[in-house]
Amino acid sequence: MTIGLRRLIVNADDFGLSEGVNQGILLAFAQGVVRSTTLLANMAGFDHAVGLARLSPGLGVGVHLNLTWGRPVTPVAEVASLVDGEGNFFGGPGPLLWRYLAGRVALHEVYRECVAQIRRVLEAGIVPTHVDTHHHLHAFPGLSRAVIQAATAEGVWRMRWPLAQGSVAGRSWGRVGMKKILSVLLVARLKRTLLAGGVWTPDLFFDPGVRGMNVKEIPLWQGVAEWGCHPALLEPVGLPCLGRVQELAHLIDPALRQALMQAGISLIHYGELKN
């Protein structure tokens, strides 16, 4: 395969969330620009996702470490600081982060749960290409160390650097002022932590959200960028509608692939890179 100087990893998050999400990701791979995905080890669509991944050579599969949705892979008693009274994660990043800032999150339990999720993926026969985290939790000091230690202990040495760039900053980081501030203060520190630990990470990250990627907005770079996306064939039941179906339509638009080619951008996944 010929790889140019401008390389783009289009990574679909939330593989394993539901069958509708899984099918959307596979469609974005088969007919669109997605070449990479990250798998939720603790959600209901995990087995379905694993089956699809086995039938999809060329799709790079990493681990989407999750400490905010569903239940842990580890027995609840072993990760008590991460769950509520019913044994569920707290349902979003806010409650977990407030508990962490209050000193009520045991980092060894974060490490234990991350290792368990990675091992579940490995035991399913998938060698992860990389790791990222749901809600970008690995951007926070302390949590970042636990995530990095868990990933490298299991032989995974590639990880997302989730600092959204410029005018394509995206729905999650661009909508809330606090998140934008944290993305500057914390994610810049994460870059140094990753590099110091020998973990490879892309040079840039984009999260354009529902409106999709406008190739003309991408700054010129020589290296590797990641585009995080969330396609689905059906919106997952019981969760806020994030426009995943609309995002899928953009990802499979032939005009997008053509525009990327004309811009001299090669589509790859994490596993096609050397540390």
For Val61: the one exception among (1) farther than 24 Å from Asp203 by Cβ; (2) of a type in the set (A, V, I, L, M, F, W, C); (3) in contact (Cβ under 8 Å) with a residue 60 or more places away in the chain: (1)
Out of Val61, Val10, Val34, sole residue that is within 18 Å of the chain's Cα centre (by Cα) and farther than 19 Å from His250 by Cβ: Val61
Qualifying positions in the stretch 21-44 - in a helix (DSSP H, G or I) and open to solvent by 10 Å² or more (accessible area, probe 1.4 Å): Gln23, Leu26, Leu27, Phe29, Ala30, Gln31
Selected residue [open to solvent by less than 10 Å² (accessible area, probe 1.4 Å) and charged (D, E, K, R)] from Glu78, Glu113, Glu109: Glu113
All positions within the stretch 241-265 that are open to solvent by 40 Å² or more (accessible area, probe 1.4 Å) and in contact with an Asp or Glu (Cβ under 9 Å, 6 or more places away or on another chain): Cys241, Leu242, Val245
Residue under evaluation Asp207, criteria (1) among the charged types (D, E, K, R); (2) more than 15 Å from Ala12 (Cβ to Cβ); (3) touching a Pro at 6+ places or on another chain (Cβ under 9 Å); (4) modelled with pLDDT under 90, criterion not met: (2)
Among (1) free of Cβ contacts under 8 Å to residues at least 24 places away in the same chain; (2) under 20 Å from Asp47 (Cβ atoms) - the single one Gly91 does not satisfy: (2)
Looking only at the stretch 136-173, and only at residues there that are basic (Lys, Arg) and open to solvent by 10 Å² or more (accessible area, probe 1.4 Å), the one that is modelled with the highest pLDDT: Arg158
Residues of the stretch 37-86 satisfying the condition of being in contact with a helix residue (DSSP H, G or I) (Cβ under 7 Å, 6 or more places away or on another chain) and among the small types (Gly, Ala, Ser): Ala41, Gly45, Ala49, Ser56, Gly60, Gly62, Ser81
Criterion (in contact with an Asp or Glu (Cβ under 9 Å, 6 or more places away or on another chain) and at negative phi) met by exactly one of Gly51, Gly24: Gly24
Where a residue in the stretch 249-269 is more than 17 Å from Ala30 (Cβ to Cβ) and its partner, wherever it lies, is open to solvent by less than 60 Å² (accessible area, probe 1.4 Å) and in a helix (DSSP H, G or I), with Cβ under 6 Å and at least six apart: Ala259/Val215; Ala263/Val215
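Could you tell me whether Thr133 is of a type in the set (S, T, N, Q) and open to solvent by 10 Å² or more (accessible area, probe 1.4 Å)?
Details: of a type in the set (S, T, N, Q): yes; open to solvent by 10 Å² or more (accessible area, probe 1.4 Å): no.
Answer is no for this residue.
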Single condition Leu248 does not satisfy, out of (1) at pLDDT below 85; (2) over 30 Å from Gln149 (Cα atoms): (1)
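The values are calculated or read from the model by the stated rules, or taken from the named source; none is laboratory data. Fair warning: this is a prediction, and the values are worked out from it, not measured in the lab. Every residue, glycine as well, gets a Cβ built from its backbone with ideal geometry; the counts of neighbours run over all protein chains shown. To get the accessible areas, we keep the full protein, side chains included, count just its heavy atoms, and leave off ligands, DNA and RNA. Shrake-Rupley method; radii C 1.70, N 1.55, O 1.52, S 1.80 Å.
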